[in-house]
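First comes the structure, then the notes that go with it.
The values are calculated or read from the model by the stated rules, or taken from the named source; none is laboratory data. These numbers were taken from a predicted model, which means no experiment stands behind them. Positions of Cβ are backbone-derived with ideal geometry, glycine not excepted, and every protein chain shown enters the neighbour counts.
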Amino acid sequence: MRITTEAIRAVEEPLDANHARDLDHASDLAARTGVDAEAVISEICRFSVAAPSWAVGTGGTRFGRFPGVGEPRTTEEKLDDVAALHALTGANRTVSLHVPWDDPDDPAALRAHADDLGLGFDAMNSNTFQDNPSTTGNGRISYKFGSFSHPDPVVRAHALEHNLAVVELGVALGARAITVWLGDGMNHPGQARFVDQFERVADGLHALHDALPDGWQMYTEHKPYEPTSYASVNPDWGSSLLLAERAGPKAKCLVDLGHHLPGTNIEQVVSRLAMVGRLGGFHFNDSKYGDDDLTVGSINPYQFFLVALELVDIGGGRMPDIGYMIDASHNLKDPLEDLAQATDQIQLAIAQALLVDRSALAASQDACDPALAAEHLQRAYRFDVRPLVAEARRRNGAALDPVSTFRRLGYRDAAVAERGTESVASGL
């Protein structure tokens, strides 16, 4: 089934009166603080964040996976689910594919299906962190000890070949970027030389960079550990920046909010990368202990607000035009409900960031008045922006209350009726 604006309006009609009252109240409060509520709503209407194809299926852990029901069986059905998500949020206009988890036989047909759904394709994602029988042939080539960093030039060449194939597919789909996250590194001290591994990866990324089509970008994505436990080749933003600089001007750095050690000042990382023009994009999620891939804003909402504030500052009062994607693993929740909650939290954080009085904040900073600076931040953070965000969704033809409306429309029940209870999403 497809979720339409008309169906949403019919289900949410009982909410209209309360929403109108709440919106008037929020707009009045914003005006009293010198903020144009219409400008906030307009920016939320404009913003879009990609949904990854793999996230519409149930995620798992190292110990097991408990599939949900009505999971998408094909890439086309994954797009159907993202279209349903976008209908509810008005802010998920693109899909990010992961190859070979999603490797269509007919890219033109898949692109036509996406066009019919009103969706586009965001950054492509390659996979050299696991062996894939469809691409490794008879098993002689393995990424067990690395891909771009592997001592064997044959393995490195195969990793490059895979990434180039992902770019070729992306061109056919209308994408304009590739995200390269590598599981390369060491599980044991002495397993390899740090310098050798890094130099090989730098050479591989440089070769990939030079083969990119015009208008394309490559994102280097850092992560401190996992799957390697002793040392990752690209563990932090500094290493990512070095790799991007070595690769060339089309290379930028991607920041995954969960890819940092506890206590890392992520908003500072954002600032540093933006200062040198190498901030390429974001993967939104949240983390309690490690790369938990939890729902955006579910653990550290204030930190996420500060990240959004930094982004809005970089964009001169709007979200900068870089790549955005939700990268979460839904082990227990319905995937579409979790993605809707994540999108909502992103919209809320952006709205809060837009409410900060930047002139007053700058004055307090110049006056070395941290208490007053904190007041300016807290005033915006505590403001109830939910009516403004809901209004932005409504103006985009989406839902005031995405999760409740999703349930009332019965999309999951319809998916189960069509796909069954035993369907398993590819790549999971």
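Applying the set (1) closer than 22 Å to residue 418 by Cα; (2) free of Cβ contacts under 8 Å to residues at least 12 places away in the same chain to residue 38 leaves exactly one unmet item: (1). For residue 59, the conditions (1) surrounded by fewer than 19 Cβ atoms within 10 Å (Cβ to Cβ); (2) over 22 Å from residue 91 (Cα atoms); (3) not charged (D, E, K, R) all hold with the exception of (1). Here the helices (runs of 4 or more DSSP H) wholly within the range 95-211 that include at least 3 residues being under 29 Å from residue 249 (Cβ atoms) and out of contact with any Asp or Glu (no Cβ under 9 Å at 6 or more places or on another chain) are 153-173, 194-210. Going residue by residue through the range 246-257, is there one that turns out to be among the charged types (D, E, K, R), modelled with pLDDT of 95 or more, in a helix (DSSP H, G or I) and touching a helix residue (DSSP H, G or I) at 6+ places or on another chain (Cβ under 8 Å)? Looking for residues that are among the charged types (D, E, K, R), modelled with pLDDT of 95 or more, in a helix (DSSP H, G or I) and touching a helix residue (DSSP H, G or I) at 6+ places or on another chain (Cβ under 8 Å), one finds at least one in the range 246-257, hence yes. Screening the candidates 240, 298, 232 for the property of being among the polar types (S, T, N, Q), crowded, with 16+ Cβ neighbours inside 10 Å and over 19 Å from the mean Cα position of the chain (by Cα) yields one hit, 232.
All of 84, 91 fail the test of being within 19 Å of residue 282 (Cβ to Cβ), out of contact with any Gly (no Cβ under 8 Å at 6 or more places or on another chain) and hydrophobic (A, V, I, L, M, F, W, C), apart from 91.
Residue 68 falls short of the stated requirement of being more than 18 Å from the chain's Cα centre (by Cα), of a type outside the set (A, V, I, L, M) and surrounded by fewer than 19 Cβ atoms within 10 Å (Cβ to Cβ).
Looking for whichever is of a type in the set (A, V, I, L, M, F, W, C), assigned to a loop (DSSP other than H, G, I, E, B) and surrounded by 21 or more Cβ atoms within 10 Å (Cβ to Cβ) here; the options are 328, 342. Which one fits? So the residue among 328, 342 that is of a type in the set (A, V, I, L, M, F, W, C), assigned to a loop (DSSP other than H, G, I, E, B) and surrounded by 21 or more Cβ atoms within 10 Å (Cβ to Cβ) is 328.
Within the range 374-402, being surrounded by fewer than 21 Cβ atoms within 10 Å (Cβ to Cβ) and either among the hydroxyl-bearing types (Ser, Thr, Tyr) or under 23 Å from the mean Cα position of the chain (by Cα) (or both) holds for 381, 386, 396, 397, 401.
Looking across the range 127-157, just one residue is modelled with pLDDT of 95 or more and farther than 22 Å from residue 191 by Cα, and that is 127. Looking at 316, 280, just one residue is farther than 22 Å from residue 357 by Cβ and of a type in the set (Gly, Ala, Ser), and that residue is 280. A single member of 122, 115, 80 is surrounded by fewer than 17 Cβ atoms within 10 Å (Cβ to Cβ) and at pLDDT 95 or above, and it is 115. Among the conditions (1) touching a Leu at 6+ places or on another chain (Cβ under 8 Å); (2) hydroxyl-bearing (Ser, Thr, Tyr); (3) closer than 22 Å to residue 158 by Cβ, residue 142 misses just one, which is (1). Could you tell me whether the range 93-100 includes any residue that is crowded, with 24+ Cβ neighbours inside 10 Å, under 23 Å from residue 292 (Cβ atoms) and not β-branched (Val, Ile, Thr)? Checking the range 93-100: at least one residue is crowded, with 24+ Cβ neighbours inside 10 Å, under 23 Å from residue 292 (Cβ atoms) and not β-branched (Val, Ile, Thr). With respect to the stated conditions, residue 84 is hydrophobic (A, V, I, L, M, F, W, C), over 22 Å from residue 323 (Cβ atoms), in a helix (DSSP H, G or I) and under 22 Å from the mean Cα position of the chain (by Cα). Summed over the range 353-406, residues that are at negative phi, touching a residue at least 24 places away in the same chain (Cβ under 8 Å) and not in a helix (DSSP H, G or I) total 11.
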